[in-house]
Amino acid sequence: MPPFSPPPSWLADAVLYQIYPQSYADSNGDGIGDFAGVTAHLEHLSWLGVNTVWLNPCFASPFRDAGYDVSDYLSPAPRYGTEEDLARLVDEAGRLGIRVMLDLVAGHTSDEHPWFTASARDPGDHRYIWAEPGADGTLPPRFVRSPGTRPGGYLPNFFESQPALNFGYARQDAAEPWRQPVDAEGPRANRAALREVMDHWLRLGLAGFRVDMAHSLVKDDPGLVETCRLWGELRTWLDTTHRQAALLAEWGDPQMSVPAGFHADFLLQFGGPSDGLPMRSLWNNGTGTVHQHWEQRDSCYFDAGARGSAETFVSAWRSATALIGDKGFISLPTANHDFSRLCCGPRTAEQLPPAFAFQLTWPTLPAIYYGDEIGMRYLPGLPDHEGSVLEATYNRAGSRTPMQWDATPGAGFSTAPADRFYLPLDPDPDRPDVATQRADENSLLHLVRRLIALRAGTPELGGRGSVEVLSTGYPLVYVRGGRYLVAVNPGLAPVTFPYGTDGGTPRPLEVSGVRIRDGAISADGFGFGIFAL
Ligand code: NOJ
Ligand code: CA
């Protein structure tokens with residue numbers, strides 16, 4: 001395979017912002033967020049300084065998995081508006097210097113997608129993975145009985161309503177005749193379909209895609225060799241057709257996905273050599289996390305009790321960046337729609353400033369999950385909604401509640417009666433909101449804005465500059481680009497770290513509760529400081 005083109009240059013300066021469209025802003029009073037609602041709030045994003053938005057799936061869907069069950073990749077779901085509404089959102093965002101990316105659900109469709117309903121009728125169709133029943137009538141493990149006239153069953157990729165698209169198997173097995181090679185007709189048709197879908201939206205002005213379960217495509221694929229080959233082929237196509245488009249993986253293993261062809265990959269609560277531990281060791285967001293379980297989980301670094309260490313994260317980071325080099329980026333999200341927000345369990349909003357000071361000065365592609373910029377909290381105890389519950393103790397709905405825009409009863413999210421809201425609002429009378437925080441320069445929102453501006457104006461603090469880590473304990477101390485010192489203390493107790501300045505006086509750029517003097521850095525509880533050396 002020829003070498004890939006360098007990543008689009010805009011990606012190095014990107015600050016991502018994830019919008020869960022059904023929960024962001026409702027423009028027509030039906031209780032569900034929509035494109036026009038997002039468009040009406042672009043000014044917030046522009047004021048905040050984020051320059052790239054990614055939207056969770058907004059395509060036609062029966063919503064058994066909140067839109068990750070796509071029934072038509074080329075049509076927006078009517079509840080979000082029309083293609084024209086999306087085009088208007090993209091245009092107006094572009095005028096404000098904001099790129100918009102979509103979510104490409106590559107590994108499966110809805111069981112209501114016409115490809116699947118046709119496949120469930122036609123034993124000669126191989127867009128999905130179908131197995132015949134055995135002599136005793138049973139299906140192989142994990143296969144689900146056909147809903148159509150076709151006998152046998154299909155392999156799901158996530159929920160049963162999400163049949164896996166057939167990208168083939170890396171290994172054949174005479175005892176499992178449903179395994180097809182990766183270059184069989186069905187897998188070839190599906191790879192071509194991915195290109196068509198991408199081409200359609202990129203032509204409309206979208207800036208790229210976050211790719212759902214990007215690691216999941218080729219089955220029984222030791223080392224994910226064939227899955228990587230598939231993405232390499234797609235990247236080569238993208239390099240020649242849409243070189244400015246970005247591909248971000250939901251894979252959780254940048255050292256594998258970026259060399260394979262992605263421009264960036266998210267650190268997640270799963271994936272990679274230690275199955276998500278680097279990310280969990282920061283925020284405590286493991287699979288199954290709900291706040292009731294917080295105390296039972298591994299200790300994490302952003303913990304008021306200072307029971308963690310940043311070493312797990314930093315050493316995983318070092319080895320991943322050594323392998324990736326300048327081929328792409330590792331994206332560090334504050335949270336996403338699948339795991340708990342930063343403000344969860346015993347972690348309160350007053351503990352978030354050091355977390356943002358860290359995220360926005362680390363050499364990453366930072367991704368802010370909507371509402372984290374005001375410290376919205378994970379809401380425990382919500383009902384299962386559109387497939388939000390994965391296990392009894394794992395309800396994603398708590399991270400998907402409506403954006404809190406102002407202090408009115410509907411929080412400025414919607415004018416619908418409260419019982420028609422996509423999910424309930426945080427009932428806390430003191431819930432944070434954008435309007436209140438915008439009026440207060442000491443708010444988290446203002447801090448996040450200043451940190452983004454500082455990063456934008458200081459290349460050494462961005463995704464490409466060097467980092468020298470001096471301490472992975474409390475405080476975490478590092479120097480960016482040889483010139484900017486960052487110290488953060490997520491713990492409640494004050495801490496110190498020996499640090500000589502050779503007589504110079506570090507210039508505070510954004511500091512709260514951190515001092516450098518007398519040969520030491522001293523940090524108050526939840527303090528953070530960014531200094532020019
Ligand atoms: C990952 C998505 O982030 C999640 O929300 C979804 O349920 C699964 N993939 C299945 O598409
Ligand atoms: Ca609406």
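Any read-out appearing in this document is the output of simple, stated calculations on the displayed coordinates, not a laboratory observation. Quick caveat, the model's predicted, so the values are computed rather than measured. Every residue, glycine among them, receives a Cβ derived from its backbone with ideal geometry; neighbour counts consider all protein chains shown.
Helix 311-324 and the longest principal axis of the C-alpha atoms of the chain enclose an angle of approximately 60°. Each 5 Å bin, from zero up to the one with the longest distance, holds this percent of the alpha carbon pairs of segment 15-75: 4, 18, 23, 24, 18, 9, 4, 0.
Across the chain, the mean sequence separation of Cα contacts (distance under 8 Å, 6 or more residues apart), normalised by length, yields a relative contact order of 14 percent. Taken about its Cα centre, the chain carries a charge dipole of roughly 1140 debye when the Cβ of each Lys and Arg holds +1 and the Cβ of each Asp and Glu holds -1. Modelled spin labels at D136 and T117, positioned 7 Å past Cα toward Cβ, are 3.6 nm from each other. For segment 93-109, the residues whose amide N sits under 12 Å from a probe point set 7 Å from the Cα of H200 along the beta carbon direction are 105. Counting Lys and Arg as +1 and Asp and Glu as -1 over every other residue whose Cβ lies under 11 Å from the Cβ of D34, the net charge comes to -2. Please say if segment 363-412 is rounded, prolate or oblate, where rounded means a/c under 1.5 for a ≥ b ≥ c the square roots of the C-alpha gyration tensor eigenvalues, and otherwise the choice is prolate for a/b larger than b/c and oblate otherwise? Cα axes put segment 363-412 in the oblate bin. Label-to-label distance, D183 versus S9, with points set 7 angstrom from Cα along the beta-carbon direction: 3.9 nm. Rounded to the nearest 10 degrees, the angle from helix 83-95 to the longest Cα principal axis of the chain is 30 degrees. Sequence-ordered 3J(HN,Hα) estimates for segment 492-506 from the Karplus curve with 6.51, -1.76 and 1.60 and θ = phi - 60° stand at 6, 7, x, 9, 9, 8, x, 7, x, 10, 6, x, x, 10, x Hz, glycine and proline given as x. Between amide H atoms placed 1.01 Å from N, distances below 5 Å from W54 occur with Y17, Q18, I19, M101, all of them 5 or more places distant or on a separate chain. Under 1.5 on a/c is rounded, so check that first for segment 80-226, then, if it is not, pick prolate when a/b is larger than b/c and oblate when it is not; a ≥ b ≥ c are the square roots of the alpha carbon gyration tensor eigenvalues. Judged from the Cα gyration tensor, segment 80-226 comes out prolate (a/c at least 1.5, a/b above b/c). In the chain, the DSSP-assigned H stretches of four residues or longer account for a calculated mean residue ellipticity at 222 nm of -7000 deg cm²/dmol, using -39500 (n - 2.57) per stretch and the full residue count as denominator. If R0 is 41 Å, the Cβ-Cβ spacing of D173 and D72 corresponds to a FRET efficiency of close to 0.75. Counting 0.36 nm for each residue step from R464 to A192 and taking away their Cα separation leaves a gain of 94.5 nm. Note on segment 108-164: Cα-only Rg and Dmax are 10.3, 31 Å. Close amide H partners of V511, meaning residues 5 or more places away or on another chain with modelled amide H under 5 Å apart, are I530. Each residue of segment 54-68 is assigned a 3J(HN,Hα), and the resulting list reads 10, 9, 4, x, 10, 9, 3, 6, x, 6, 7, 9, 6, x, 7 Hz, derived from the Karplus form 6.51 cos²θ - 1.76 cosθ + 1.60 (θ = phi - 60°), x at Gly and Pro. Straightening the chain between D220 and T236 buys 3.3 nm, computed as 0.36 nm per residue apart minus the Cα-Cα spacing. Phi-derived couplings, Karplus 6.51 cos²θ - 1.76 cosθ + 1.60 at θ = phi - 60°, listed residue by residue for segment 175-182: 7, 10, x, 6, 6, 10, x, 5 Hz, with x used for Gly and Pro. Out of all DSSP beta bridges in the chain, what portion is antiparallel? Express it as a percent rounded to 5. Looking only at bridges with both residues in the chain, the antiparallel portion is about 60 percent. Out of every Cα-Cα pair that the chain contains, those further apart than 47 angstrom amount to 11 percent. Residues whose amide H falls under 5 Å from that of S331, counting only those 5 or more places apart or on a different chain, are D265, F266, L267, L365, with hydrogens built in the peptide plane.
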